[in-house]
Each structure stands twice: as C-alpha cells, then as structure tokens.
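Structure, as structure tokens:
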Amino acid sequence: FYHRSQISHLKRNLGCKFHVFTLNAPLELCIRRDARRKKPYGKAAAETVYNLASKLQIGEPIDAEKKPGDIVRGILDSLHK
C-alpha cells in the first residue's frame, strides 16, 4: 500500500484480528527484482513505487533483503509472540 488512508480503511473494515508489516528494501534491490520478473515494469516504475512505499512505515518493519524463507520465518515468529 502507498497511502496511510488505505491502511486505515482496512483497519476499520476487516472485522478480524490482523498484523501489519512493512517490507523494507533499498531501491537498487527493488529495481533488480523488477528486472527479473516475467513482465518487468521498468526502472522508472520501480522508482515511483519505491518513493511512495518507502514513505509509509506502519507496523513491524521487515528487512526484505533477507532470503524469502528467512522473511517468512521472521513474520511467523512475530505472529506467535
């Protein structure tokens, strides 16, 4: 999500318990990951999304530079606390 209002809307309307996580990655990593997609959006799009998303820090921060399995384990560990 790119806007705080989207998160606020979800909080008001989900009707269940939830947790919010923010995945943090440097711009260079976002650009590399986009380039590996089957249909990449391109550097300019990655920069635009990064600039929007990096301003919004809500919930628990997650280091997205880690391996996917390590990220998932960290999230699951957090949920069990």
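The values are calculated or read from the model by the stated rules, or taken from the named source; none is laboratory data. A quick note: this is a predicted structure, and the numbers were derived from the prediction, not measured. When we count neighbours, we look across all protein chains shown, and the Cβ atoms used for this are built from the backbone with ideal geometry, even at glycine. Each accessible area value is taken on the protein alone, full model and side chains, heavy atoms only, with ligands, DNA and RNA left out. Shrake-Rupley method; radii C 1.70, N 1.55, O 1.52, S 1.80 Å.
When only alpha carbons of the chain are considered, Rg and Dmax amount to 14.3, 39 Å. Within the straight-line cut-off of under 17 Å between alpha carbons, the lysines reachable from Lys17 are Lys81, sequence neighbours fewer than 8 places apart in one chain being disregarded.
A straight Cα-to-Cα reach below 17 Å connects Lys66 with the aspartates and glutamates Glu28, Asp34, Asp77, residues fewer than 8 places away in its own chain not being considered. Solvent exposure of Ile75, expressed as accessible area, is near 40 Å², computed with a probe of 1.4 Å over the protein chains only.
Summary value for the chain: 38 percent relative contact order, contacts being C-alpha pairs under 8 angstrom separated by 6+ residues. Reachable lysines from Lys43, Cα under 20 Å, same-chain residues fewer than 8 places away excluded? Excluding near neighbours in sequence, the set is Lys55.
So for Tyr41, Tyr50, what's the accessible-area order with a 1.4 Å probe, most first?
Values: Tyr41 170, Tyr50 65 Å².
Reading off the accessible areas and sorting them downward yields Tyr41, Tyr50.
At a Förster distance of 25 Å, what's the computed FRET efficiency of Lys43 paired with Ser8, Cβ-Cβ distance as r, to 0.05? Please list the in-between numbers first.
On the way: r = 31 Å, r/R0 = 1.24.
About 0.20, to the nearest 0.05.
Per-residue extension of 0.36 nm, minus the Cα-Cα distance of Asn51 and Leu29, leaves a gain of 6.6 nm for this segment. Under a 5 Å amide H cut-off, with hydrogens placed 1.01 Å from N, Phe21 pairs with Glu60 among residues at least 5 apart or on other chains. In the chain, a dipole from Cβ-located charges (positive for Lys and Arg, negative for Asp and Glu) runs towards its positive end, and of Ala25, Ala64, Tyr2 it is Tyr2 whose Cα lies farthest in that direction.
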